[in-house]
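The values are calculated or read from the model by the stated rules, or taken from the named source; none is laboratory data. Please read these numbers as outputs of a predicted model, since none were measured by experiment. Quick reminder, even Gly has a Cβ in these numbers, built from the backbone with ideal geometry, and neighbours come from all protein chains shown.
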Amino acid sequence: MKRKEKLKKVLVEIAGKLNQDGTIKWLLGSSGALMLHGLEVEPGDLDFIIEEKDFEKAVKILKLNKINEEGHFSLEKDGVESEFIAVDLSRDKLEIKNYGGQKIFVNPLDKELGFYKNREGKEEIIKLIEEKLRERGIISTGI
């Protein structure tokens, strides 16, 4: 199975578990979100951000392993590494992408752009995001 197929399989499986009872607020972040926004990227891992108040329930459902004292948890399946962190998502406006029969929650693309602009060495990804936003008419071409 190709890497992208493995990513999709793992993403859909985790999303299905998180969506199962409909009470866990979560989103897919970073390059996984960019992939669902239609950018030509292949994530090295999957980054899940879970609402703080729902995090303990998610840890139990997914049987996660704690990887550090900052509260990051991980899961490895079919060679795909997934990381999970707890964040206050109460004020976040999320978009829903349908992928593999599951609802996948992501930040709007312009919010992801803000995150990437605060990271060093991400110039190429920033260009890709800006191009996609221009295609959607969300940012000006400067003309």
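A few comments on the model shown:
- Qualifying residue in the range 7-18 (condition: touching a helix residue (DSSP H, G or I) at 6+ places or on another chain (Cβ under 8 Å) and either of a type outside the set (A, V, I, L, M, F, W, C) or within 21 Å of residue 115 (Cα to Cα) (or both)): yes
- For the range 1-19, taking the residues that are surrounded by fewer than 16 Cβ atoms within 10 Å (Cβ to Cβ) and either among the hydrophobic types (A, V, I, L, M, F, W, C) or modelled with pLDDT under 95 (or both), the one that is nearest to residue 97 (Cα to Cα) is identified as 12.
- The residue list 124, 135, 76 contains one member that is without any contact (Cβ under 8 Å) to a residue 40 or more places away in the chain and closer than 14 Å to residue 31 by Cβ, which is 124.
- Some residue of the range 58-80 being among the aromatic types (Phe, Trp, Tyr), at pLDDT below 95 and within 22 Å of residue 7 (Cβ to Cβ): yes
- Test for residue 54: is it of a type in the set (Asp, Glu) and buried (at least 16 other Cβ atoms within 10 Å of the Cβ): yes
- Filter pass, residue 51 being modelled with pLDDT of 95 or more and in contact with a Lys or Arg (Cβ under 9 Å, 6 or more places away or on another chain): yes
- Subset tally (residues that are out of contact with any strand residue (DSSP E or B) (no Cβ under 9 Å at 6 or more places or on another chain), closer than 20 Å to residue 2 by Cβ and among the charged types (D, E, K, R)) for the range 14-57: 2
- Any hit, the range 121-142, residues being within 19 Å of residue 18 (Cβ to Cβ), among the basic types (Lys, Arg) and either buried (at least 18 other Cβ atoms within 10 Å of the Cβ) or out of contact with any Lys or Arg (no Cβ under 6 Å at 6 or more places or on another chain) (or both): no
- Residue within the range 26-44 that is farther than 23 Å from residue 122 by Cα and at pLDDT 95 or above present: yes
- Residue 95 meets each of the listed conditions (1) under 17 Å from the mean Cα position of the chain (by Cα); (2) without any contact (Cβ under 8 Å) to a residue 12 or more places away in the chain apart from (2).
- Residues that are over 21 Å from residue 11 (Cα atoms) number at least 2 in the following helices (runs of 4 or more DSSP H) confined to the range 38-143: 109-117, 123-135.
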